[in-house]
1. May I ask you to verify whether B:Val344 is in contact (Cβ under 8 Å) with a residue 24 or more places away in the chain, β-branched (Val, Ile, Thr) and either on the phi > 0 side of the Ramachandran plot or within 14 Å of chain A (Cβ to nearest Cβ) (or both)?
2. Tell me, which residue of region A:1-57 that is acidic (Asp, Glu) and either surrounded by fewer than 15 Cβ atoms within 10 Å (Cβ to Cβ) or touching a Gly at 6+ places or on another chain (Cβ under 6 Å) (or both) is farthest from A:Val285 (Cα to Cα)?
3. Restricting attention to region B:275-282, does a residue exist that is closer than 26 Å to A:Gln35 by Cα, surrounded by 15 or more Cβ atoms within 10 Å (Cβ to Cβ) and touching a residue at least 40 places away in the same chain (Cβ under 8 Å)?
4. Consider B:Leu226 carefully, then state whether it is of a type outside the set (Gly, Ala, Ser), touching a helix residue (DSSP H, G or I) at 6+ places or on another chain (Cβ under 9 Å), within 14 Å of another protein chain (Cβ to nearest Cβ) and not in a loop (DSSP other than H, G, I, E, B).
5. Which of the following residues is touching a helix residue (DSSP H, G or I) at 6+ places or on another chain (Cβ under 7 Å), outside the structural domain of B:Ala204 (by TED's automatic domain parsing) and of a type outside the set (Ser, Thr, Tyr): B:Ala65, B:Ala20, B:Ala56?
6. If the Cβ limit is 6 Å and pairs must be 6+ apart or interchain, which residue in region B:165-190 that is under 13 Å from B:Gly482 (Cβ atoms) pairs with which residue that is aliphatic (A, V, I, L, M) and surrounded by 15 or more Cβ atoms within 10 Å (Cβ to Cβ)?
7. Just a yes or no: is a residue in region A:250-261 part of a helix (DSSP H, G or I), touching a residue at least 12 places away in the same chain (Cβ under 8 Å), at negative phi and surrounded by fewer than 21 Cβ atoms within 10 Å (Cβ to Cβ)?
8. Step by step: first the residues of region B:242-287, then only those that are in a strand (DSSP E or B) and of a type in the set (A, V, I, L, M, F, W, C), then the one that is farthest from the other protein chains (Cβ to nearest Cβ). Which residue is that?
Amino acid sequence: MNPFEIVLMALQAAALMAVSPLVVGIIRKIKARMQNKVGASVLQPYRDLRKMFRKESAVSENASFLFRLIPYVCLTSMLLLAAMTPFVYTQVIAPYADVIAMVYIFTMFRFAMVLGGLEGGSAFGGMGSSREVMMSVLIEPALLISIMTLSAMTGAGFDLSAISGSINARGAAAICPALLLAGTSFVITMVAENTRVPFDNPDTHLELTMVHEGMLLEYSGRGLAIMEFASMVRLTIFMALLGTLFFPWGTAMAMTAAELSVSLLAITVKMLAIAFGIALLESTVAKMRVFRMPNMLTASFALALMAMVSLYVL
Amino acid sequence: MRLGDPIACDPALLAQYVKAYCDEGWRVVSMFASESSPGSTVNVLLRRGGEVARVASETVGSYPAVSALVPAASVFERAMWEMSGVVPEGHGYLVPAIYWRKGDGHPLQKAPYSIDGEERVPLPNNPIRGAGLFEIPVGPVHAGVIEPGHFRFSVAGEPILEMRVHLGYAHKGIEKMMEGPVSRNRAHLAERISGDNAVAHSLACAHIVEGDAPVPRRARQIRVILSEIERIHNHLDVLAGLCTDCAFSVAAAYGSEVRERLLRANREIFGNRLLMGNVVPGGVRNDLSREDVSKLEAAVMHAGFGAKKLEGYIRRTPSVVDRLETTGVLRTEDALRYGTVGVVARASGVASDVRAELPYEEYGALSFNPVSLKKGDVMSRAAVRADEIVESVSLILQCTSEMEEGEIRRGYETPDGLSCGIVESPRGELVHCADVRDGEVWRYSIRDPSFVNWPAMEVAVLDNIVPDFPLINKSFGLSYSGNDV
């Protein structure tokens, strides 16, 4: 790895984090347009973050030092993941970009968030946390298996860059039932993991139904800004993974100006398409009952399992 | 409506009297204490279809609780105990209903009452206890922009085992402010009891002040139009709110838009978005020009079609139907037991509608089909609202097509004695009562439909899960301000 590549990877991770509020802003804008509303500017999430960063942070009397620490744990785990995620250029911090490490850094993030929800000592934090845990025990295996299906399919081991590169190199020949099934499973886990509709309503502060917002309820000021930002980055990472692992065509494999610019264009189009899909989903379905979530997540797990099995059967 | 002489009874027998009436199919519609010397007169207002009866009992200090035999009386007795100092002996759940403060004396007694030295009554914990059970306090300050109310949930995980509603945060003392010379204009005050039901409250108040003399026909028709527009915008608000609460954002945005257009038309035609200031004692304030009538018809038709379309969105989306059906079931027997009224009762198989049973204004001359469904879940309540919007549109169009030129206001005289105004507000049967003595309102009692429907919600949420509570609450569509008067 030459120094130039390292700079490029750092740039890529920084870019992924920098655009994440924009991604959220675009989803919100599309949703607003679908509701016949003008909607806030796509830059609004940046303004919100700037505003929250300037405000003082109030901490509950019941909270321990963990409460203050947790936003940084969340931010750090997202920083790590951003560095591991193929975005414009497939060669990331390989060979450290490992599938299993990635899944469990997501788990670390979730675990920290659940703890943060409990720390404040409020009833809503506890409710949000308990629902999040219920969901996460089902998300984790589905996520792991759907990505491992790819590694089994490509024979590229657990290296994210290698998986992405291998599927990319095969071109259209890579499209097979396993890829599509695993991709579908991944989409469901993406929606659930990021607590979007129909699993949770990201726009509501309706206290009794909250999952994600419930855990963040006690945070304010800088703590809240960091948590919100980390959640935005998480959504962007998931979207990027969908675009570069499952459907990696167009992503640059070599470091030439031509390939990089094609790749930049490709990832922009993919991200916009995924954002549109999420907005469309959120506009056409209602939030499901809490007790229906396990069914949906089990379906996602079953799809991932079928993807894995189909590799060996078909 | 002027009420005749009451059936007087001994306080010890009051409960038996009321029970005997209820066994014959009567329903307690209101209860209030009016001070007399040496104690207070406990008035029980009962209704069966178009008949209204009053049982009155001179009480000093305490009397055996009516609610021991008739559960629907429970919430009234709590309010009487707290506000007028009449103690119901043997009441099973004697906690404040409105004011939640303990002071020297009682706010609705005639003796001067001072708020200095008042103490807040602590909110009671739910009686249910056990391992793994949690009590979740919610409110009165909520995360969204809604009225203040405190809810206590006892949950085992997500299912609700017990829920108690504690209101009173919007207490304004309107019953006390209503007392005084009859000549004083009370309509503007009545409109502010619950702003979204301004027409219904001012109408109930007008019915008391006007005595039994009818107002001009044109005024009666305009009053019907106002009442029905109010019903439409309230129902639209609930339907849109249901969509918001289950994150069905496109339909929610559409419903809010339809309602907003209607409110803007209200401002243009009647000068106020919530139709305040239109119903006045003796008639209505603003006449409608020919041009106004056609604007009105267009606005109302638009709202009617909008409501149908919104209902279609809800019914055609399986994920929404899944949330609404079988959620928050209020069974027919509970609806009767708690004396529920309005949409809540009609969705649970209790077909009670003041407009049909005790017609006021022009309702007797108009034809409409009272809506009633059986299941009592959130979906039924939504469906009743959607159907009622269509009926309301039809009622308004009937009125506008039959309108003739004429006066819209007439003089009136308020009779002494006890009179009541019973109207069907968008939330259901609304009752105002006034005890007029020598040209002075001695006691004014306001019974918003929310007051009797809130206790029914405590039952409807049982065995549901906590995240479904907002939907159930919205489907009841109750007023906090109207409850707390």
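1. The answer is no for B:Val344.
2. Looking at the filtered set, the residue picked out is A:Glu5.
3. So far as region B:275-282 goes, no, none of its residues is closer than 26 Å to A:Gln35 by Cα, surrounded by 15 or more Cβ atoms within 10 Å (Cβ to Cβ) and touching a residue at least 40 places away in the same chain (Cβ under 8 Å).
4. In short, no.
5. B:Ala65 is the lone residue from the list that is touching a helix residue (DSSP H, G or I) at 6+ places or on another chain (Cβ under 7 Å), outside the structural domain of B:Ala204 (by TED's automatic domain parsing) and of a type outside the set (Ser, Thr, Tyr).
6. As it stands, the answer is B:Gly168/B:Ile98; B:His171/B:Ile98; B:Ile174/B:Ile193; B:Ile174/B:Val485; B:Glu175/B:Ile446; B:Glu175/B:Val485, since those pairs meet every condition given.
7. Looking for residues that are part of a helix (DSSP H, G or I), touching a residue at least 12 places away in the same chain (Cβ under 8 Å), at negative phi and surrounded by fewer than 21 Cβ atoms within 10 Å (Cβ to Cβ), one finds at least one in region A:250-261, hence yes.
8. Filtering region B:242-287 for residues that are in a strand (DSSP E or B) and of a type in the set (A, V, I, L, M, F, W, C), the one farthest from the other protein chains (Cβ to nearest Cβ) comes out as B:Val280.
The values are calculated or read from the model by the stated rules, or taken from the named source; none is laboratory data. No experiment lies behind these values; they were computed from the predicted model shown. Don't worry about glycine lacking a Cβ; one is built from the backbone with ideal geometry, like all the others, and counts go over all protein chains shown.
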